[in-house]
Amino acid sequence: MNMKIIFNLLIASFLIGCSGTTVVLVPDPDGKVGEVSLATEGGTTLLSKANESAQAPEAGQAPTQAAVLSAKKINDMFSEILANEPTPPKRYRLYFSTGSASLTAETRAEITKIIVSIQDRKSCDLSVIGHSDRVGDNKSNKGISLVRAENVAKALTDNGVDRKCMDIRYYGENDPAVPTADNVAEERNRRVEVEIR
């Protein structure tokens, strides 16, 4: 479970003194909204929409019905917590041609953006993860996904990023972005993912 999800769950469960519990479902930065159940001995209220809230005054009482709160109300209630929210990771996907581990012009342009993000965050905590599509055998695909990851890592180190800051991994065809049948070429699976924390 990533830190953003954990943090949002912490925001969602906020105890207000002795008067009970208030739960607010806050969307992720990308707008995704999950579900949270507020359950007491008296009943359960499901929250499934952005900024929905419910209260449980006491353990024996049923929670209130879900109601959507305004951004201002949420900020008023949780301003201190929101001010300490961790910066979410920045993610990039770099794509490759079939059977190639060479950086394309588009990939080189993304490397520049990645360098800027690393510098802006003053980060020394990033992942570089190579992938392939399902064209060819898994052993070859693991090999090319490693070379792709290493080529991206070299481009980063050539631009001043300390290699010790990188966690370099490769999965071949085993973690597709788009599931396909064997021997299907899928550009979105031929990628290196860079995550900056």
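Just so you know, all these numbers are worked out from the coordinates, no wet-lab data involved. Quantities reported herein were computed from a predicted structural model and do not represent experimental measurements. Cβ coordinates were reconstructed from backbone atoms using ideal geometry, including for glycine residues, and neighbour counts include every protein chain displayed.
Here are the numbers for this structure:
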{"quantity": "Length added when fully stretched, residue 39-residue 184, from 0.36 nm per residue minus Cα-Cα", "calculated": "47.6 nm"}
{"quantity": "Rounded to 10°, Cα long-axis angle of helix 105-121 versus longest principal axis of the chain", "calculated": "50"}
{"quantity": "Degrees, to the nearest 10: 3-12 long Cα axis against longest axis of the chain", "calculated": "10"}
{"quantity": "Simple Cβ-charge dipole of the chain, Lys/Arg +1 and Asp/Glu -1, about Cα centre, in debye nearest 20", "calculated": "580"}
{"quantity": "The chain: most fluctuating residue of 57, 88, 176 per GNM, C-alpha cutoff 10 Å", "calculated": "57"}
{"quantity": "Set 139/164; 142/164; 113/154 screened for pairs whose C-alpha atoms are more than 19 Å apart", "calculated": "139/164; 142/164"}
{"quantity": "The chain: angle of helix 71-83 to the longest principal axis, Cα-based, in degrees nearest 10", "calculated": "60"}
{"quantity": "Stretch gain in nm, segment residue 105-residue 154, where the contour uses 0.36 nm per residue and the Cα spacing is subtracted", "calculated": "16.1 nm"}
{"quantity": "Among beta bridges that DSSP assigns inside the range 90-196, antiparallel share in %, nearest 5", "calculated": "70"}
{"quantity": "Length released on extending from residue 112 to residue 91, taking residue separation times 0.36 nm less the Cα-Cα span", "calculated": "6.2 nm"}
{"quantity": "FRET efficiency for residue 73 and residue 48, using Cβ-Cβ distance with R0 set to 25 Å, rounded to 0.05", "calculated": "0.85"}
{"quantity": "Value of relative contact order over the chain, rounded to a whole percent, pairs C-alpha under 8 Å and six or more apart", "calculated": "19"}
{"quantity": "Cα-based reach from residue 32 at 19 Å (exclusive), listing lysines while leaving out same-chain residues under 8 positions away", "calculated": "4, 49, 90"}
{"quantity": "Structure-derived Rg/Rh (Cα atoms, Kirkwood Rh) - corresponding label in (i) 1.04; (ii) 0.96; (iii) 1.13", "calculated": "(iii)"}
{"quantity": "Efficiency of FRET between residue 64 and residue 120 - r from beta-carbon atoms, R0 45 angstrom, step 0.05", "calculated": "0.60"}
{"quantity": "Karplus 3J(HN,Hα) series, Hz, for the range 30-36 with 6.51 cos²θ - 1.76 cosθ + 1.60 (x for Gly, Pro)", "calculated": "7, x, 5, 10, x, 9, 9"}
